Structures are given as C-alpha cells and as structure tokens.
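Computed from the coordinates by the stated procedures, all read-outs in this text should not be read as laboratory data. The shown structure was predicted, so the numbers you read here are calculated from the model rather than taken from an experiment. Here the Cβ positions follow ideal geometry from the backbone for every residue, glycine too, while neighbour counts run over all protein chains shown.
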Amino acid sequence: MPKIISDASDAMTPEQERGIKNHFTEVLLRLAPTKADAQRIMRRIGELRSNASETLTTLGGMRYRSERFASTYGYTLSVKPVCEQLLMLKSFPLFQKLDCFQALNCAKSMAQIPEGADGNFVFPYWGLIGKTYAEATERVAQELVRVYNMKNRLERRLSEKHLRQYDPTRQALEAIRAAQPGDFQIFPVQFGILHRGESVRLVRDILLPKEFGLGPYEVGIMLLTHPERLDAYEKLFIDCPGAEYDYDVADRGRVPCFYLYDGQWRFNSNSVDAPCDHYGSASAFFPQSKP
C-alpha cells in the first residue's frame with residue numbers, strides 16, 4: 001500500500017503560526033471589547049474553541065487531510081496551441097458544425113496561464129453536444145471508444161440519474177460560458193499532477209478560490225486532443241472531481257475516472273474517499289484576460 005504523506009516538512013511554519021495569531025488578535029482589538037465583554041468571552045471560551053476548531057478545520061481543508069498518499073506517478077505533456085486543438089476537434093463529426101470564430105478571438109486576449117496549470121485547453125460547450133451534461137458525456141465517451149478503442153465500463157449507466165455536475169464546477173463553467181459565449185470555451189487546466197495521490201473529497205475541500213474540478217465531459221475532450229496524456233501505464237490516471245456519480249443512484253459517493261489497463265483506456269468510477277497514488281484529479285482555473 002502507498003505511504004501516507006505525514007512528515008515534518010508538512011508542519012505549519014513559525015511564520016504561518018504568527019500570521020494566524022496576529023490576524024485573530026487584530027480582529028479582537030478592532031472590536032475593542034470592554035471588561036464585561038472579555039468576561040463573557042471567557043465564560044464561553046469552551047463553546048468558542050469548539051466552533052473555532054470546526055471553522056478552521058473546514059477553511060483549512062483539514063477534514064480529509066489523511067486521505068493523501070505519496071505518489072511518484074506523473075506525466076510530461078506539451079499542450080497544443082489553441083488553433084491546433086480547434087482543428088483537431090473540428091475533425092471529429094461530433095463537433096464539425098460548431099463555430100470556432102469567437103474562440104480564436106478569445107485566445108488572442110488570454111493572459112499567461114496561472115501557476116499549476118499545464119496550459120490552455122479548448123472545450124466545446126456541452127449544451128451543444130447533448131440535452132443534458134450526462135448525454136454530452138456519453139457522446140464524448142462514444143467518440144473515445146470509436147477513435148481510441150476505449151472500454152466504457154459505465155455504458156448504459158450514464159443518464160442524468162447516475163451522473164450530474166458537481167455544483168461548484170457547474171457554477172464555474174456557467175460563469176466562463178457567460179464571459180465566452182461562443183461554441184467553444186478556453187481556460188487553463190492541469191491534467192492531475194497538482195492533486196496526485198489525493199482523494200476526490202480532499203481535492204474538493206482544498207481547491208483554490210479560482211480553481212474548480214473537471215468532470216468526465218471536459219476530461220474526455222482533453223483526451224481527444226491530447227491522447228498522449230494516457231499512453232503508458234506509468235502515467236498518472238485521472239479522477240474527475242467535477243461530477244458526481246453512482247451506479248444505483250442511491251447516493252453520490254463515486255466519481256468518474258479514466259485509466260489504462262492491459263494497454264486499453266478504461267472509463268469507470270472511483271470512490272470519493274479512496275486516495276490512490278496512481279490517480280490525480282484534473283482541475284481548471286478561471287481564465288484571465290490581458291489588461
């Protein structure tokens with residue numbers, strides 16, 4: 001079993017500790033409590049400690065911090081230029097009728113990619129591919145089966161009853177769609193290396209403010225344009241934290257994933273609370289325009 005990450009290098013630094021203490025001291029002094037206020041605070045210190053512990057655990061992404069394994073799996077990837085990605089997507093019958101004019105204009109105004117991203121990726125708006133996100137995902141999966149001989153282990157289990165977007169991801173993609181109203185959207189993405197060895201629910205807990213998880217539709221599109229990402233067993237497999245999935249719709253305790261087995265791509269699902277050193281969650285960042 002892979003080793004859980006827990007060494008001294010992960011400990012909070014003295015500078016971080018001072019920063020947190022100074023922040024709360026500043027807040028307290030700004031409130032200018034009287035002696036009576038201070039006395040009431042002291043009487044309720046137990047309750048305050050309990051509430052503070054819960055709040056800090058949630059804000060700091062510490063609820064599932066044990067669900068992380070050390071991992072040496074990775075990948076090297078040269079992200080194709082936006083024009084090349086558009087040409088590749090337009091070569092698939094599924095996307096031939098889409099208009100790429102606005103996407104080309106958008107690409108010219110995009111700023112430098114943020115730290116942690118592999119590059120800018122192009123995505124056809126899923127609403128032009130299927131009536132629901134699940135239907136659009138199924139159609140992309142069928143294209144991966146046709147072109148790259150992928151084994152779809154979720155076949156006949158990709159209705160909206162089984163698969164739906166994770167709400168923060170849905171909201172993020174809607175915001176990007178509003179800013180880029182064309183048939184294609186472009187935004188920076190990392191293909192899993194940033195969250196390798198971490199459970200999906202840990203990833204969802206520690207995503208940066210401008211970062212969001214990707215679902216199987218988006219990851220499927222990325223594999224269509226960058227099949228080299230998953231061409232060897234030694235490369236990191238891919239979790240899709242931007243969607244919720246379950247076989248029997250009893251709950252949403254699973255997440256779609258892509259991996260390589262016996263030389264063949266597989267599309268299946270993983271548990272959200274089961275970290276693995278061979279998997280990393282794909283995520284994206286809100287695009288920034290040049291000033």
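Things to note:
- Where labels lie 7 Å past Cα in the beta-carbon direction, separation of residue 246 and residue 149 in nm: 3.6 nm
- Full extension of the chain between residue 70 and residue 228 yields a length gain of 54.5 nm, computed as 0.36 nm times the residue separation minus the alpha carbon distance.
- Estimated FRET transfer efficiency when R0 is 41 angstrom, pair residue 105-residue 273 (beta carbons, to 0.05): 0.45
- Prolate/oblate/rounded label for region 93-140 (Cα gyration tensor, a/c 1.5): oblate
- The string of couplings for region 122-128 from the Karplus curve (6.51, -1.76, 1.60, θ = phi - 60°) is 9, 10, x, 4, 4, x, 8 Hz, one whole number per residue in order, with x for Gly and Pro.
- When the Cα positions of 166, 109, 184 are compared along the charge dipole of region 82-285, 184 comes out farthest toward the positive end, with charges on each C-beta of Lys, Arg, Asp and Glu.
- Three-way shape call for region 66-164 based on the alpha-carbon gyration tensor, with the a/c threshold at 1.5: oblate
- The peptide list 62-74, 277-289, 235-247, put in order of mean Cβ contacts within 10 Å with the highest first, becomes 235-247, 277-289, 62-74.
- Label-to-label distance, nm, for residues given as residue 288 and residue 160 (7 Å Cα→Cβ offset): 3.7 nm
- Karplus-derived HN-Hα couplings along region 76-87 (A = 6.51, B = -1.76, C = 1.60, θ = phi - 60°), whole Hz, x at Gly and Pro: 10, 8, 9, 5, 5, x, 3, 4, 5, 4, 4, 5
- Amide H contacts of residue 265 (H built 1.01 Å from N, in plane; Pro and chain starts excluded): 151 sit under 5 Å, all sequence-distant by 5 or more or on other chains.
- Cα gyration tensor category, rounded, prolate or oblate, for region 82-285 with a/c compared to 1.5: rounded
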